[in-house]
Amino acid sequence: MPDFHKLISRAGAAVMSVCLLTRGIFAEDICPRVSAESAIVIEASGGNVIFVKDADTRRPMASTTKIMTALVALEAGDTSREVTVPSGAVGIEGSSVYLETGDRLSLDDLVWALMLESANDAAAAIAINVAGSVDAFAELMNAKAKEIGLENTHFTNPHGLDNEEHYTTARDLAKLAAHALSNPRFREIVSTYRHNITVGDETRYLLNHNKMLRLYDGAIGVKTGYTKRSGRCLVSAAERNGVTLVAVTLNAPDDWRDHMAMLDYGFTKYESRELIRPGESVFIQPCIGCERHTVSIRNTDGLIVCVPTTVGEVRRVIELPRYLWAPVAKGQMVGKIRFIADDGSGKEITLGEVALYSEEDAPRVSYERKGLPWKLFR
């Protein structure tokens, strides 16, 4: 792969940007220089910010809007159902798959056209079929934005064509993309480079506009965008060694190089660690009132976390009572293991925890049948 860091440094843009690690620790190394007016990189699972530049200024988002359009459509119900293209979806300016009034295709195929070819006619067809009108669909988009916690985002349409009241921020867009990528169908669609759909009896061939799928190792989507007012907008995501990053640039003349530099930087800052495997830890715990006097305890779940590379050695804190009281049911949660570490600044943080469960039934033994009063043991 070419040395894109050198290419970025020659871009010559004098930018003020701040690199942040989890919990507000400033990075001491050099941040990537980007052409974007607004930019951000986050770790997807926790939303922790790795790199940020003016990420809270409201800006137009162009076709990155379609991330929300696709998410609302995929959550609307059976996407395999066939829908009819209404006249209101035909002839929308900008990118198109040239749908005609009366064309019939599945809602799922409309989402493919939306996300790969960035089709504005597909966006309008989705909106009208799902909500009855573009305005009603925009209300669904705004409700979803509120649900996700997007604080500086407002939608007026499903395609992203310019409107003064249609805006977002780099931070909100990163949060939206990370949320959308948790939907398996969404993730499958945006990570696909080419796909065929059926419109009536005709096969249409789609190619993804997102060059990151070909340019960047581990890229998994998600969406491009451009209008004269917004400039070049891009949301990308990549996964390496169990770490998933989301990058956003708004009004970025050199967006492809920006994203490769930003993601490269991000992957030097985060790593995936397996803290415990399923069933790894076994304990034999004393049990008062049990026939066998002990109960076997084990963790059912494993735990893999994404953490900054500055995080130190991980320690386990086992939280169990000194003894259990009968009866104990198989599968009953009786304790947990917490995983703690130094965050790199001397502050102790909890990375996660797993529950500990009884592996067996331990019924209460009847001491009265043995001539011993139970109250002596409880």
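Just a yes or no: is a residue in segment 250-272 without any contact (Cβ under 8 Å) to a residue 40 or more places away in the chain, surrounded by fewer than 16 Cβ atoms within 10 Å (Cβ to Cβ) and either of a type in the set (S, T, Y) or not assigned by TED's automatic domain parsing to the domain that holds T169 (or both)? Yes, some residue in segment 250-272 is without any contact (Cβ under 8 Å) to a residue 40 or more places away in the chain, surrounded by fewer than 16 Cβ atoms within 10 Å (Cβ to Cβ) and either of a type in the set (S, T, Y) or not assigned by TED's automatic domain parsing to the domain that holds T169 (or both). Which residues, taken from segment 160-201, are surrounded by fewer than 21 Cβ atoms within 10 Å (Cβ to Cβ) and within 15 Å of the chain's Cα centre (by Cα)? Residues satisfying the conditions are S182, N183, P184, R185, R187, E188, S191. Of the numbered criteria (1) over 15 Å from H209 (Cβ atoms); (2) of a type outside the set (A, V, I, L, M, F, W, C); (3) part of a helix (DSSP H, G or I), the one E93 fails is (3). The criterion of at least 3 residues that are of a type outside the set (F, W, Y) and more than 14 Å from A247 (Cβ to Cβ) is met by the following strands (runs of 3 or more DSSP E) wholly inside segment 141-235: 194-199, 202-207.
Given the residues T69, T57, which is the only one that is within 21 Å of D162 (Cβ to Cβ), surrounded by 24 or more Cβ atoms within 10 Å (Cβ to Cβ), of a type in the set (S, T, Y) and not assigned by TED's automatic domain parsing to the domain that holds I304? Steps first, please.
Values: T57 fails: surrounded by 24 or more Cβ atoms within 10 Å (Cβ to Cβ).
Residue meeting the stated conditions: T69.
Can L99 be described as on the phi < 0 side of the Ramachandran plot, in the same structural domain as L176 (by TED's automatic domain parsing), among the hydrophobic types (A, V, I, L, M, F, W, C) and at pLDDT 95 or above? Judged against the criteria, L99 is a match. Filtering segment 124-140 to residues that are outside any loop (DSSP other than H, G, I, E, B) and farther than 12 Å from V85 by Cα leaves A131, V134, D135, A136, F137, A138, E139, L140.
The values are calculated or read from the model by the stated rules, or taken from the named source; none is laboratory data. Predicted model only: the values in this text are computed from it and were never measured. Glycine gets a Cβ as well: all are built from the backbone with ideal geometry, and neighbour counts include every protein chain shown.
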